[in-house]
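Take a look at the structure set out below.
The values are calculated or read from the model by the stated rules, or taken from the named source; none is laboratory data. Just so you know, these numbers come straight off a predicted model, no measurement behind them. Cβ coordinates were reconstructed from backbone atoms using ideal geometry, including for glycine residues, and neighbour counts include every protein chain displayed. Accessible surface areas use protein heavy atoms only, side chains included; no ligands, DNA or RNA. Shrake-Rupley method; radii C 1.70, N 1.55, O 1.52, S 1.80 Å.
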Amino acid sequence: MSGTGKTVTRVDLCEAVYQKVGLSRTESSAFVELVLKEITDCLEKGETVKLSSFGSFMVRKKGQRIGRNPKTGTEVPISPRRVMVFKPSAILKQRINGNGSSAAAEGKE
């Protein structure tokens, strides 16, 4: 899948679990929803979610700052908030860039 622009949806993930694991479609859907809920709950609590050979999801706090409306140039205060960031593992970066096989990168992160 090189540059096709396809978006993978929950339905696609459920179908992949159904095809590859052999659970029923209902069980596959419940499994995907359970995994996504667990990740969401951990991030909501401010915990880091690290998936080996994939990457880490982290929540960072951003302080208040002044932004600018690009159209009018008016200064607008941007309130403090929490943002989620994703940091891919070295293995995922290598696979995306086609540098080395997944078998060769197994022991590294």
Requested in this report: Starting from the stretch 1-99, pick out the trypsin sites (Lys or Arg not before Pro) whose DSSP state is loop and whose Cβ has at most 10 other Cβ atoms within 10 Å.
Outcome: K6, K45, K71
Query raised in the report: For the chain, what D do you get in µm² per second when you plug the Kirkwood radius from alpha-carbon pairs into Stokes-Einstein at 10 °C and 1.306 mPa s?
Result: 91 µm²/s
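What percent do you get for the relative contact order of the chain when only Cα pairs under 8 Å and 6+ apart count?
Details: 116 pairs, mean separation 19.1, N = 109.
Relative contact order, the chain: 18 percent.
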Query raised in the report: Shape of the stretch 1-52 from its Cα gyration tensor (a ≥ b ≥ c, root eigenvalues): rounded if a/c is under 1.5, otherwise prolate when a/b > b/c, or oblate?
Result: oblate
Query raised in the report: How far, in degrees from 0 to 90, does helix 25-44 lean away from the longest principal axis of the Cα atoms of the chain, to the nearest 10?
Result: 40 degrees
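Taking a 30 Å limit on the Cα-Cα distance, which of the listed pairs K50/K71; K45/K87; K6/K93 fall beyond it? Please list the in-between numbers first.
On the way: K50/K71 40 Å; K45/K87 18 Å; K6/K93 19 Å.
Exceeds cut-off: K50/K71.
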Report summary line: Judged on accessible area alone, 1.4 Å probe, highest first, I96, I91 line up as I96, I91
Query raised in the report: Which angle from 0 to 90°, rounded to the nearest 10, does the C-alpha axis of helix 10-21 make with the longest principal axis of the chain?
Result: 20 degrees
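With a/c under 1.5 counting as rounded, go ahead and sort the stretch 53-102 into rounded, prolate or oblate using the C-alpha gyration tensor (a ≥ b ≥ c being the square roots of the eigenvalues; past the cut-off, prolate if a/b is larger than b/c, else oblate). Working shown, then result.
Details: a/c = 7.49, a/b = 2.43, b/c = 3.08.
In terms of gyration-tensor shape, oblate.
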